[in-house]
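Input: a single structure, listed below in structure tokens.
The values are calculated or read from the model by the stated rules, or taken from the named source; none is laboratory data. These figures come from a predicted structure and were not determined experimentally. Positions of Cβ are generated from backbone atoms using ideal geometry, with glycine treated the same way; all protein chains shown enter the neighbour counts. Note: areas computed on protein heavy atoms with side chains; ligands, DNA, RNA excluded. Shrake-Rupley method; radii C 1.70, N 1.55, O 1.52, S 1.80 Å.
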Amino acid sequence: MSIVSVTSVQLSQLAGIAKKSLPNESCAFLLGKNSSSESLVLDVMPMRNAESSPVSFSISPEELLKAYNVAEEMGHDVIGIFHSHPGRPTPSSTDIRFMELNPVVWVIYSTTENEFKAFINDVQVTEVATSSDSYSRWANYFSSRVLGLINL
Ligand SMILES: [Zn+2]
């Protein structure tokens, strides 16, 4: 799971969700399919930030359950977690803790810098790049950017 494919329409949708939630953080699920080499985003499901906070987000257990049920009905998996920062698009220490529990693609959008970054806790936490093709591919840098997480 080293590449995330996402459409530019989906990216605009995510940016819209983030801007609508200001000054608070927003969150959404990325639904789609995982293969051994790729996470393919097929749908974006906006979620409610139960904390209504500019520095954190959480999703209520009821909403989580509902989201997983809807995804299952659609024949999709929850392949990624999106949230926005009114600041730098880098994972906070809380994000890092939750990335460990949810080893899917984490996409963070900065409303101040208008920038997407994606991280994966696969073998290690690596940053994923974005491009703006009609069907963008976020190629994994496999950079040495290790955020102190261990292999799962
Ligand atoms: Zn965060």
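Let's see how each residue does on (1) open to solvent by less than 60 Å² (accessible area, probe 1.4 Å); (2) modelled with pLDDT of 85 or more; (3) out of contact with any Asp or Glu (no Cβ under 8 Å at 6 or more places or on another chain):
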{"position": "V70", "(1), (2), (3)": "yes, yes, yes"}
{"position": "G87", "(1), (2), (3)": "yes, yes, yes"}
{"position": "F98", "(1), (2), (3)": "no, yes, yes"}
{"position": "S110", "(1), (2), (3)": "yes, yes, yes"}
{"position": "S136", "(1), (2), (3)": "yes, no, yes"}
{"position": "R145", "(1), (2), (3)": "no, no, no"}
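Only residues that are β-branched (V, I, T) and within 16 Å of the ligand (Cβ to nearest atom) were counted across segment 59-83, and they come to 2. Taking segment 112-130 as the range and being part of a loop (DSSP other than H, G, I, E, B), modelled with pLDDT under 85 and among the β-branched types (V, I, T) as the test, the residues that pass are V123, T130.
Please verify whether N24 is under 13 Å from the mean Cα position of the chain (by Cα), within 16 Å of the ligand (Cβ to nearest atom) and open to solvent by 20 Å² or more (accessible area, probe 1.4 Å), treating the condition exactly as stated. It is false that N24 is under 13 Å from the mean Cα position of the chain (by Cα), within 16 Å of the ligand (Cβ to nearest atom) and open to solvent by 20 Å² or more (accessible area, probe 1.4 Å).
Pairs linking a residue in segment 59-77 that is more than 13 Å from L42 (Cα to Cα) to a residue that is open to solvent by 50 Å² or more (accessible area, probe 1.4 Å), with Cβ atoms under 8 Å and 6 or more positions apart or on different chains, are I59/R48; I59/A50; S60/R48; S60/A50; E63/R48; E63/A50.
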